[in-house]
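Engineer: Encoded as structure tokens, here's the structure I'll be asking about.
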Amino acid sequence: MKIVVLVKHVPDTAADRHFAADLTLDRAAAPGRLNEPDEYALDQALRIAKLRPGVLITALTMGPRGAQAALRRALALGAHRGVHVLDDALHGSDALATSRVLATAVDRLGFDLVLCGTASTDSGTSMVPPMLAERLGVAALCFADTLRIEGDEAIGRRESETAIEEVAVPLPAVVSVTDRSGRPRLPSVRALAEARQTPLRTWTLADLDIAADEVGLAAAATAVRMVIPHTRRAAGGIIRDDEQGGAAVGLADFLTERHFI
């Protein structure tokens, strides 16, 4: 069984993030890490491999050279091999172009199951998994809280505002899993060291037979026109109590000034 896990190198959410002059995210301005939701997808791949002998897990990423760090983290966590789609022309690609490139790479690798996190923490669109399934011509099971493989089917449970449902899709399929699906493990020091020495496979757009003018910022179907910096909250005031009930009076005045009462 061949499982491809999509992983992405994203800016650390705890760090300050900035936009470049072309209004794309400046990935060099903040430390990066493996997209946390993707760790749950990798964890599910490892759970399946534990129950089914002969599973080959490939971690696949698309991004600049720094994205190799996400692949090496995935290898340390248990992936068997890493593939990096690396090409300068990919800069600024939107979800449509990203799904096309990843679908071409997945098809070239061969797959029975593609596992994804629900979204990336740098864009949060959740659109790539269903787009990927559409391009590959297979079923999509998105936002799965649980996942199991039975015979030739992937079965997942997901919860909406109105129901809890169990969905079964035939393999091959694309599945995105939520943070309810498990608890990702931490890599050992030895695994981290071995992952740094593991060779990675690198593909360019030419290797995937995709023209450079079909991807990237200029070919994107969406555009960012304006970026407004997030304004940090000012320090709040403190209302202190006293023997005359000053806190109650102060709170009433505060609410009255802001027209809450």
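Engineer: Enumerate the strands (runs of 3 or more DSSP E) found wholly within the range 30-93, keeping only those where 2 or more residues are surrounded by 21 or more Cβ atoms within 10 Å (Cβ to Cβ).
Structural biologist: So the answer is 56-62, 81-85.
Engineer: So Arg158 fits all but one of (1) part of a loop (DSSP other than H, G, I, E, B); (2) surrounded by 14 or more Cβ atoms within 10 Å (Cβ to Cβ); what number is the exception?
Structural biologist: Unmet for Arg158, out of (1) part of a loop (DSSP other than H, G, I, E, B); (2) surrounded by 14 or more Cβ atoms within 10 Å (Cβ to Cβ): (1).
Engineer: Filter the range 160-181 for residues that are touching a residue at least 12 places away in the same chain (Cβ under 8 Å) and touching a Ser or Thr at 6+ places or on another chain (Cβ under 9 Å) and give the result.
Structural biologist: Ser176, Val177, Thr178, Asp179, Arg180, Ser181, listed by residue number.
Engineer: Filter the range 192-212 down to the residues that are loosely packed, with under 10 Cβ neighbours inside 10 Å and free of Cβ contacts under 8 Å to residues at least 24 places away in the same chain, then identify the one that is nearest to Ala103 (Cα to Cα).
Structural biologist: That would be Pro199.
Engineer: Given the structure, is Leu251 farther than 30 Å from Ala139 by Cβ, in contact (Cβ under 8 Å) with a residue 60 or more places away in the chain and part of a helix (DSSP H, G or I)?
Structural biologist: no
Engineer: Do the conditions hold for Arg81, that is, is it farther than 20 Å from Thr125 by Cα and at pLDDT below 95?
Structural biologist: no
Engineer: Being under 29 Å from Pro130 (Cβ atoms), surrounded by 10 or more Cβ atoms within 10 Å (Cβ to Cβ) and modelled with pLDDT under 95: is that true of Arg185 here?
Structural biologist: yes
The values are calculated or read from the model by the stated rules, or taken from the named source; none is laboratory data. Here the structure is a predicted model, which is why all the values come from computation and not from measurement. Note: ideal-geometry Cβ built from the backbone for every residue, glycine included; neighbour counts use all protein chains shown.
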